[in-house]
Amino acid sequence: WCLSSTNIHFDYDGHYSKSGDDYEWIPTDARLYAIFFRTSSLEEITYLLLKERICKKMGIDPFTKRLNLGYIPQVVERKRHSYILDDEEVFVYLTSVDKKQRRSILHVEDIRELKIVQITEQLSRVEKESLCSRNYGERESGYGE
């Protein structure tokens, strides 16, 4: 059982821009970041694990940030961006290399802060009962559908 290292270089916070038929990545920060995994198989690097490691590296809370992961595959003629949305696409990204065994830079778009809204006011029991009976009455009479 042999462990191997997988290095992933990524740009954090930028956006894609279309230039003619091609897309290009416009970074906000000129710095390139890197993370590595020591695994027995590339399949062990899941979508959630990849996002967790990026958040840890960048010192951000994965529960309050929405990140899009993407790259421009080197194995296609036209430069088109591809988003990574699940474990299978992570594996495709990790195994897509050029003739010199180079992988595309991973692009991390910091979309926005997720707002965690706390509900401070709750409906009183009477309001809930009145809403329930009104909805029930509308269903019985055929209205409200």
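The values are calculated or read from the model by the stated rules, or taken from the named source; none is laboratory data. Everything numeric in this text was worked out from a predicted model, so none of it was measured. Cβ atoms come from the backbone with ideal geometry, glycine included; neighbour counts cover every protein chain shown. Please note that ligands, DNA and RNA were not included when accessible areas were found on the heavy atoms of the full protein model with its side chains. Shrake-Rupley method; radii C 1.70, N 1.55, O 1.52, S 1.80 Å.
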Self-check item: Single unsatisfied condition, Asp87 versus (1) open to solvent by 60 Å² or more (accessible area, probe 1.4 Å); (2) in contact with a strand residue (DSSP E or B) (Cβ under 9 Å, 6 or more places away or on another chain)
Solution: (2)
Practice problem: Could you pull out the residue among Arg103, Arg66, Arg80 that is within 19 Å of Tyr12 (Cα to Cα), open to solvent by less than 80 Å² (accessible area, probe 1.4 Å) and either of a type outside the set (A, V, I, L, M) or in contact with a Ser or Thr (Cβ under 7 Å, 6 or more places away or on another chain) (or both)? | Solution: Arg103
Quiz item: How about the range 82-99: which of its residues are modelled with pLDDT of 90 or more and assigned to a loop (DSSP other than H, G, I, E, B)?
Solution: Leu85, Asp86, Ser96
Quiz item: Say we look at the range 34-62 and pick out the residues that are of a type outside the set (Gly, Ala, Ser) and over 17 Å from the mean Cα position of the chain (by Cα); which of these is most open to solvent (accessible area, probe 1.4 Å)?
Solution: Arg38
Self-check item: Contacts under 6 angstrom Cβ, first residue in the range 95-107 being closer than 22 Å to Glu44 by Cβ, partner open to solvent by 60 Å² or more (accessible area, probe 1.4 Å) and among the aliphatic types (A, V, I, L, M), 6 or more apart
Solution: Ser96/Val75
Exercise. Could you please find all residues in the range 4-58 being among the polar types (S, T, N, Q) and without any contact (Cβ under 8 Å) to a residue 60 or more places away in the chain?
Key: Ser4, Ser5, Asn7, Ser17, Ser19, Thr28, Thr39, Ser40, Ser41, Thr46
Quiz item: Is it the case that Glu121 is at pLDDT 95 or above and open to solvent by 70 Å² or more (accessible area, probe 1.4 Å)?
Solution: no
Exercise. Take the residues in the range 1-28 that are within 18 Å of the chain's Cα centre (by Cα) and of a type in the set (D, E, K, R), then tell me which one is least open to solvent (accessible area, probe 1.4 Å).
Key: Asp11
